[in-house]
Structure formats: structure tokens, C-alpha cells
Amino acid sequence: MSSVIYVLLAVAVCVLAGGLCAFFLYPRDVKLDSQESMALLQPDEVHYRNNSVDFVITTYVNIINDNYYPTPVKSIAVSVMMNKKELARRRWDATDSDHPQALARSRVHLPVNVTFHLTKAQEPQLVERCDNQSPWVHNLVMTFV
């Protein structure tokens, strides 16, 4: 009878250990969140050339890691929208010198630089506004998704 109790106890300990391993090691979602999804266009740089504009914009992304182990960030896909139309889709890749890592059970505030090029053929009104000297014209709302 005592051997049956030992076997049941060993089975219970193994099931408990397996359950705990599955709970702590089973991957959870890593969430991306941005407090600045609707941001006034305040680009870091704007380069206007004949019939084209180059924008360099920095947006910030919160990475929420609910896992019990660190998760490296390799890339983030960012879309720049204006009036429900996609202006650009860029992929931000982590460089060798910049290895952001979402530590276990943490929240990371990560700056993401987005560079995109618009021509007059793609967005004629927007490119023309960039050449305008009036300050109110440059307060355009772009969405980062």
C-alpha cells in the first residue's frame, strides 16, 4: 500500500513540475502600444527637392513583454497614414550596436525612426504644402500604425 502512495505522490510532483514549467515557459504575447498614434507631424528633418519630399520622423513605441524571459526586438513594421491613406510602410530593423530587448515582465519605451520619400506624382497636395512657408500648413496629422 505504501508503494502506491509513493507512486501517486511521484506522479503528482511530476504533474505539478510540468504544469509550472509550462506556465513559466509557455510564450505569451508581446504587445506593441503607442501613446502617440495620432501625432502632429513634427518631423526631425524635411528635405524638399524639385517635386519630391523626404521625411525623417521619430515615433515612440511601447513594447510590453508578459513573458518570464527576455525577448529580443529584431524589427518593427510601421505604416504612416494620412486621411486613411497609407503614405509609407517601413520596417525598422535593430542594428548591431542597438540591441533593444524587452526584459522579462517589462515595458520598454523604444524610439523608432521612420524615413520615407514622397513624389508629386504620389501626393501632389502634400508635396506642394511642404514648399509653402505658412506655418499652419505644416500642422498635418499623420497616424503611425
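Are there any strands (runs of 3 or more DSSP E) wholly within segment 2-70 with 2 or more residues that are surrounded by 11 or more Cβ atoms within 10 Å (Cβ to Cβ), out of contact with any strand residue (DSSP E or B) (no Cβ under 9 Å at 6 or more places or on another chain) and modelled with pLDDT of 80 or more, and if so which? Before the answer, list the steps.
On the way: elements: 30-33, 38-40, 45-49, 52-65.
Once the strands (runs of 3 or more DSSP E) in segment 2-70 are filtered for at least 2 residues that are surrounded by 11 or more Cβ atoms within 10 Å (Cβ to Cβ), out of contact with any strand residue (DSSP E or B) (no Cβ under 9 Å at 6 or more places or on another chain) and modelled with pLDDT of 80 or more, nothing remains.
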- Within segment 90-134, can you find the residues that are outside any strand (DSSP E or B), free of Cβ contacts under 8 Å to residues at least 60 places away in the same chain and basic (K, R)? R105, R129
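The values are calculated or read from the model by the stated rules, or taken from the named source; none is laboratory data. The shown structure was predicted, so the numbers you read here are calculated from the model rather than taken from an experiment. Positions of Cβ are generated from backbone atoms using ideal geometry, with glycine treated the same way; all protein chains shown enter the neighbour counts.
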